[in-house]
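J.: Sending over a structure as structure tokens; questions will come in a sec.
What follows draws every value from the coordinates through simple rules; no lab data is involved. Since the model is a prediction, treat every value here as computed from it, not as a measurement. Positions of Cβ are generated from backbone atoms using ideal geometry, with glycine treated the same way; all protein chains shown enter the neighbour counts.
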Amino acid sequence: MFFRFNELGFVKILQDSSVFGISKLLTFTKKSAGEYPQKQPENGLPKVKRAKTALALGSNMGDSQAILEAAIATLAQTPGISLEARSSWYKTKAVGPPQPDYLNGCVTLQVEMLPQELLESLLKIERQFGRVRQERWGPRTLDLDLLLYDDFIVDAPNLQIPHPGMRDRAFVLLPLAEIASDWVEPVSGCLIKELLKKVDCSDVHLLMGN
């Protein structure tokens, strides 16, 4: 166990090569639950403590609403994942190269997975729905972003939690505020509903018939 000081104050750095790998670090503030949900032996088998997570979903290729609904169903059927709540769908003007508008939404989950394991599951589901990562900001059949994992801060080469762009994205904060308005984003220390007040929501519109 190591300690370091940054703009958040003292944080614990937990490094466990058997769980994360040598290069993967997890940081969490003093105000967190106090114990990372590490694998705990149960009947001789490793088990992960349950954690609450939030995901953002998006699509702008194919039948986006059907794809997003099917993605939620797939998440709910994945071992170690339980669906807790889901938002309405929102139509959002795309950024980047010319492309169709997006449908966006959020879900909260209860998971028995470590962050890296959850990330691998999300990437697998994206591939199942035809996601090919080619052009930055390009169109996509399915986008699954891991936003929050309890109140932990994760800093790894391939994963950052909270998601580094979530505080500036109305298409994330608007649906997330529907289902988790009082969740504290641990880097800013602000409630989701407070972050929502700071962004321009003019290009995000509730999909009629939700």
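J.: Calculate the FRET efficiency for residue 160 and residue 65 from the Cβ-Cβ distance with a Förster distance of 22 Å, rounded to the nearest 0.05. Intermediate results must be reported in sequence, preceding the final value.
T.: On the way: r = 29 Å, r/R0 = 1.31.
Efficiency at R0 = 22 Å is approximately 0.15.
J.: Using just the Cα positions, wrap the range 68-192 in a convex hull and report its mean projected area in square nanometres, one decimal place.
T.: Taking the Cα atoms of the range 68-192, their convex hull projects to 7.5 nm² on average.
J.: Next up: Given H placed 1.01 Å from N in the peptide plane, which residues other than close sequence neighbours of residue 140 have an amide H under 5 Å from its amide H?
T.: 60, 61
J.: What ³J(HN,Hα) values, in whole Hz, does the Karplus curve 6.51 cos²θ - 1.76 cosθ + 1.60 give for the range 193-207 when θ = phi - 60°, with x put for Gly and Pro?
T.: 5, 6, 4, 4, 5, 9, 10, 8, 9, 5, 9, 10, 10, 4, 6
J.: Okay, next question. Tell me, what HN-Hα J-couplings in whole Hz come from the Karplus equation 6.51 cos²θ - 1.76 cosθ + 1.60 at θ = phi - 60° for each residue of the range 119-126, using x for Gly and Pro?
T.: Result, ordered by residue: 4, 4, 5, 5, 5, 5, 5, 4 Hz.
J.: Tell me the net charge near residue 202. Cut-off is 13 Å between Cβ atoms, residue 202 excluded, with +1 for each Lys or Arg and -1 for each Asp or Glu. Working shown, then result.
T.: On the way: positive: 91, 93; negative: 200, 203.
Net local charge, residue 202 excluded: 0.
J.: Next question. Given H placed on each backbone N at 1.01 Å, which residues far from residue 106 in sequence or on other chains put an amide H within less than 5 Å of it?
T.: The answer is 57, 87.
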